[in-house]
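Here's the structure we're looking at; comments come further down.
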Amino acid sequence: MAFVELEQRGHVGLITINRPEVLNALNIQILRELDQILDQVESNEDIFVLVLTGAGRSFVAGADISEMANFSASDAKTFSHHGSNVLLRMTRFPRPIIAAVNGYALGGGCELAMGCDIRIGSDKAKFGMPEVGLGITPGFGGTQRLARIVGMSTATELVLTSRIIDAQEALQIGLINHLYPADEMLDRAVALANVIASKPQVAVRQSKQAIRIGTQIDISSAIAFESEAFGLCFSTEDQKDAMRAFLNKEKMTAFKNR
Ligand code: COA
């Protein structure tokens, strides 16, 4: 692939967007490659958790403005659908995805980070939604996800002003979970991924889906979904082994993920 790389580190898949000469600006090709990487991961049962980062000094500095500049309204709508579909696929993806935000996460880059389940940032990360300043709205789900993550009032201010915030402010508003020095951040992200990868994966995947679905449907339907997930876990060997180990005062060292 030209712009997206997948490296397997144990049970963690590290995806790197690699187009540093334009700060990893997202073009149609990158969206296509991201989709193909998800296909690869889906058929690799050995990758449990994904970490997504950017090469160089940027995570992703937005959608590619040189590609978008001459879009017709119809081209723009198609591009928005395409990007939104890839991000929706990430949100629904059965394996958890951690955004390791190393630098600029602007516009489509901030949206990409928000399409992940967990975001952590380096002290060099910067976040923002500059679209309105370019005469457009966010187009890859940003208006929806930012409001859900940081609340409607803060999201509205950030989108309408195009203000870029640093990692400290991103931490304060809950856009990232943790903030680390730049030279540690990726290792910390992979370490977090490894913690999740060490848990029983049926419970991990069911929990991700229950949390995600709960933001989209009414609470009683969401709780019904959770009950289904809870019941399903009781048909796994991991539940039996883990509870037996607890009762026998033993430590579980490895799960079977079934
Ligand atoms: N689309 C296309 N090209 C982009 C880009 C984008 N979103 N973001 C950066 N680039 C390109 C620049 O045009 C420049 O290319 P050049 O070397 O051929 O001139 C290169 O990446 C480096 O960017 P530059 O602006 O020189 O770096 P900087 O450190 O001075 O500024 C930013 C960094 C992120 C503040 C600035 O590049 C920027 O504002 N980018 C656009 C962000 C944006 O509006 N994104 C949302 C799009 S909807």
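Here are some notes:
- Among 107-115, 84-92, 241-249, sorting by the average number of other beta carbon atoms lying within 10 angstrom of each residue, highest first, gives 107-115, 84-92, 241-249.
- Each residue of segment 120-172 gets 78 Å³ once the volume of the Cα convex hull is shared out per residue.
- Accessible area per residue for the chain, computed on protein heavy atoms with a 1.4 Å probe, is 50 Å².
- Residues whose amide H lies under 5 Å from that of TYR180, counting only those 5 or more places away or on a different chain, are GLY121, SER122, ASP123; hydrogens are built 1.01 Å from N in the peptide plane.
- Segment 108-258: relative contact order as a whole-number percent, Cα under 8 Å and 6+ apart: 22 percent
- Cα-based convex hull, segment 94-190, per residue volume (Å³, whole number): 78 Å³
- Unit charges on C-beta of K, R, D, E only; dipole of segment 4-197, Debye: 420 debye
- P(r) tail fraction, segment 201-247 - alpha-carbon pairs more than 11 Å apart, %: 66 percent
- Taking amide H atoms as placed 1.01 Å from N in the peptide plane, the amide H of VAL51 lies under 5 Å from those of GLY13, LEU14, ILE15, ILE98, each 5 or more residues away in sequence or on another chain.
- Relative frequency of Cα-Cα separations exceeding 24 Å in the chain, percent: 49 percent
- The C-alpha atoms of the chain define a longest principal axis, and helix 152-161 lies at about 30 degrees to it.
- The Kirkwood radius of segment 26-95, taken over pairs of alpha-carbon atoms, gives through the Stokes-Einstein law at 4 °C and 1.567 mPa s a diffusion coefficient of 95 µm² s⁻¹.
- The share of accessible area on segment 167-258 that comes from carbon and sulfur is 59 percent, using a 1.4 angstrom probe.
- Total lysine pairs in the chain at Cα distances under 15 Å, for residues eight or more apart or on different chains: 7.
- Placing a label point 7 Å from the Cα of ALA254 along the Cα-to-Cβ line, the residues of segment 219-243 whose backbone N sits under 17 Å from it are 237-239, 241-242.
- Working from Cα pairs under 8 Å separated by at least six residues, relative contact order for segment 1-104 is 33 percent.
The values are calculated or read from the model by the stated rules, or taken from the named source; none is laboratory data. As the structure is a computational prediction, the values presented were derived from the model and not from experiment. Quick reminder, even Gly has a Cβ in these numbers, built from the backbone with ideal geometry, and neighbours come from all protein chains shown. Ligands, DNA and RNA are excluded from the accessible area calculation, which covers all protein heavy atoms including side chains. Shrake-Rupley method; radii C 1.70, N 1.55, O 1.52, S 1.80 Å.
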